[in-house]
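Visitor: I have a structure I would like to understand better, so I am pasting it below and will then ask my questions one at a time.
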Amino acid sequence: MLLLMFRHGLRVSELCSIKLCDINLETREFHVNRLKGCNGGPHELYNGESPAVRAWLAERAKMNPPESCDALFVSERRKPLSRVTVWLLINQAAQAAGLEHLEIHPHMLRHSCGYALVNKGTDIRIIQGYLGHRSISSTVRYTALDKKGLRNCFKRILYVTQSLPIASHNRLVIFNKLG
């Protein structure tokens with residue numbers, strides 16, 4: 001979940017709104033429904049994302065959510081994951097990485113996505129399209145922060161989250177009891 005947010009620059013609401021029909025593991029892509037009047041579209045599932053989504057889908061199936069629940073990410077209550085729960089998950093990952101003093105929030109993952117793309121030398125117009133911005137001024141804002149601080153911060157968070165089992169039901173239960 002956090003990996004998708006970071007790599008695809010997802011807003012919390014965009015993550016929570018991903019539906020099962022938006023994911024295609026066969027073609028290794030998913031549809032991003034951008035909010036705030038931004039342009040959505042297909043995104044490729046990168047290294048490790050397809051197996052992680054597949055593992056989550058197996059875990060989700062064990063949770064036996066009602067057929068009417070078409071959200072990809074569901075809580076222990078078998079309902080779509082809430083924005084509050086995502087905030088709590090990110091806060092717990094930040095604490096595990098020793099970063100609780102930085103007041104980490106989900107939108108920082110979107111900013112970090114922009115940074116990562118800029119640091120790889122990606123053209124700003126490509127980043128604009130990738131993040132779904134209609135206006136280039138929105139994209140420039142995402143890339144004009146303290147690069148070194150955010151890069152170090154999220155390297156530590158990603159290190160911690162990569163060591164967590166992706167489809168550990170016990171971990172999901174702990175996180176989902178929060179929201």
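FYI, it's all coordinate maths here, none of it is from the lab. These numbers were taken from a predicted model, which means no experiment stands behind them. Heads up, the Cβs are rebuilt from the backbone with ideal geometry, glycines too, and the neighbour counts pull from every protein chain shown.
Visitor: Can you tell me how much longer the chain between Thr122 and Asn64 gets when fully stretched, taken as 0.36 nm per residue apart minus their C-alpha distance, in nm with one decimal? Before the final figure, lay out the partial values.
Guide: Numbers: separation 58, 0.36 × 58 = 20.88 nm, distance 4.14 nm.
Value of the extension gain: 16.7 nm.
Visitor: With unit charges on the beta carbons (Lys and Arg positive, Asp and Glu negative) and the dipole taken about the Cα centre of the range 1-157, which residue among Met108, Ser137, Met1 sits farthest to the positive side?
Guide: Ser137
Visitor: Each label point is 7 Å from the Cα along the Cα-to-Cβ direction; what then is the distance between the points at Lys155 and Ala55, in nm?
Guide: In this crude spin-label approximation the distance works out to 2.4 nm.
Visitor: If you take the charge dipole of the range 13-59 about its Cα centre, with +1 on Lys and Arg Cβ and -1 on Asp and Glu Cβ, which of Gly41, Asn24, Ala52 is farthest toward its positive end?
Guide: Selected residue: Gly41.
Visitor: Oh, and also: Taking the simple approach of a point 7 Å from Cα along Cα-to-Cβ for both Leu20 and Arg78, what is their distance in nm?
Guide: Roughly 1.3 nm, to one decimal.
Visitor: Run the dipole for the range 1-48 about the Cα centre, Lys and Arg Cβ at +1, Asp and Glu Cβ at -1, nothing else charged, and hand back the magnitude in debye, nearest 20. Can you show the working numbers first?
Guide: Numbers: 6 positive and 5 negative charges, 45 e Å.
The dipole of the range 1-48 has a size of about 220 debye.
Visitor: How far apart, in nm, are two points set 7 Å out from the Cα along the Cα-to-Cβ line at Glu103 and at Leu35?
Guide: With each label placed 7 Å out from Cα toward Cβ, I get 2.1 nm.
Visitor: Rounded, prolate or oblate, given the Cα gyration tensor of the range 76-125, with a/c below 1.5 counting as rounded?
Guide: Values: a/c = 3.45, a/b = 1.62, b/c = 2.14.
Since a/c reaches 1.5 but b/c is at least a/b, the shape of the range 76-125 is classed as oblate.
Visitor: Quick check: net charge around Leu109, other residues with Cβ under 12 Å of its Cβ, Lys/Arg +1 and Asp/Glu -1?
Guide: Numbers: positive: Arg7, Arg11, Arg110; negative: Glu14.
Net charge in that neighbourhood comes out at +2.
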